[in-house]
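Peer 1: Following this message is one structure expressed as structure tokens.
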Amino acid sequence: MPIVELLNARSHDRAGFACGEPTLERYLREQASQHHRDGIATTHVLVEPAAPARILGYYSLSAAQLLFEELLEQGRQRLPRYPVPAVRMGRLAVATLEQGRGLGSLLLAHAVSRCLDLRSQLGARVLLVDALHENAGTFYRAFGFRPTAADALTLYLPLGRP
Amino acid sequence: MVNTAARLDLRLGVAEKARIARAAALRGVPVSAFVRDAVLRDVENVMTAALTVSLSAAESKRFLKAFDAPFKPNARLKVALARVAASR
């Protein structure tokens, strides 16, 4: 059973990761570690314990906030006055050779589970995901995510009350 | 493979262009590829740093209903979460 670990630039083979999406490959190779150092985003990689250097997939998380548009006064009263704290999964990728094994679902569920833990510690009430294209959007919608606006490629999943 | 259907023209100083050309030569790539890659890298940084997302009015209304309710995963997410819980 693969496990999820925090990306370690020394031990994980970032250059060997190929998923068919150049932006997702480049992010892992060139920016993920820097974003971690700068506190912009954390990257979590999926590996088999027996071959711990080989990255099967990854997701990255950052902090975000969610604003509400054009609410009626009546609705606004039920809102907290500050924006809702959110976790944003900016990227999720599975290695080309590993696709079709359900690892995308595993990574997504892992991220959701992590967010449910964070909910009580950080007050995060929603998980936002950025879909790279319409196909990715379909993947997230199957797990109950909804587009933040019509045709938007950013989707959300309410995390409920802690 | 870069899709070259779109163009981006920009004005810049002679000295700036010389510096860019020198840097591209040092890296051993054409100036256009160097500039494109550098800009795209910065685009990623900006996107990642973009902190705020807005919900449309319709989705805001829907979200409010879920806001104080317990977490309610759909069937598919429930199965995936159970798989994660079993692996811990």
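Peer 1: Only residues that are buried (at least 17 other Cβ atoms within 10 Å of the Cβ) and part of a helix (DSSP H, G or I): list them for region B:42-66, please.
Peer 2: B:44, B:48, B:59, B:60, B:63, B:64, B:66, listed by residue number.
Peer 1: Scan region A:112-130 and report the pairs whose first residue is at the interface with chain B (Cβ under 10 Å from one of its Cβ atoms) and whose second residue is of a type in the set (Val, Ile, Thr) and not in a strand (DSSP E or B), with Cβ atoms within less than 8 Å and a gap of 6+ or a chain change.
Peer 2: Pairs found: A:113/B:84; A:128/A:148.
Peer 1: Could you please find all residues in region A:14-40 being outside any helix (DSSP H, G or I) and under 19 Å from residue A:99 (Cα atoms)?
Peer 2: A:14, A:15, A:16, A:17, A:18, A:19, A:20, A:21
Peer 1: For region A:62-111, what are the residues that are part of a helix (DSSP H, G or I) and either at pLDDT below 90 or at the interface with chain B (Cβ under 8 Å from one of its Cβ atoms) (or both)?
Peer 2: A:73, A:74, A:75, A:76, A:105, A:106, A:108, A:109, A:110 - these are the residues of region A:62-111 that are part of a helix (DSSP H, G or I) and either at pLDDT below 90 or at the interface with chain B (Cβ under 8 Å from one of its Cβ atoms) (or both).
Peer 1: Taking region B:67-88 on its own, how many of its residues are part of a helix (DSSP H, G or I), more than 7 Å from chain A (Cβ to nearest Cβ) and basic (Lys, Arg)?
Peer 2: Here the count works out to 1.
Peer 1: Separate question: Would you say residue A:9 is modelled with pLDDT under 95 and closer than 20 Å to residue B:44 by Cβ?
Peer 2: yes
Peer 1: Using the structure shown, decide if residue B:64 is at the interface with chain A (Cβ under 7 Å from one of its Cβ atoms) and touching a helix residue (DSSP H, G or I) at 6+ places or on another chain (Cβ under 8 Å).
Peer 2: Criteria met by residue B:64.
Peer 1: How many residues are in contact with a His (Cβ under 6 Å, 6 or more places away or on another chain) and away from every other protein chain (no Cβ under 14 Å) if we restrict to region A:7-52?
Peer 2: 1
Peer 1: Based on what the data block shows, is residue B:85 touching a Pro at 6+ places or on another chain (Cβ under 9 Å) and of a type in the set (A, V, I, L, M)?
Peer 2: So residue B:85 fails the test.
The values are calculated or read from the model by the stated rules, or taken from the named source; none is laboratory data. This is a predicted model, so every value here is computed, not measured. Don't worry about glycine lacking a Cβ; one is built from the backbone with ideal geometry, like all the others, and counts go over all protein chains shown.
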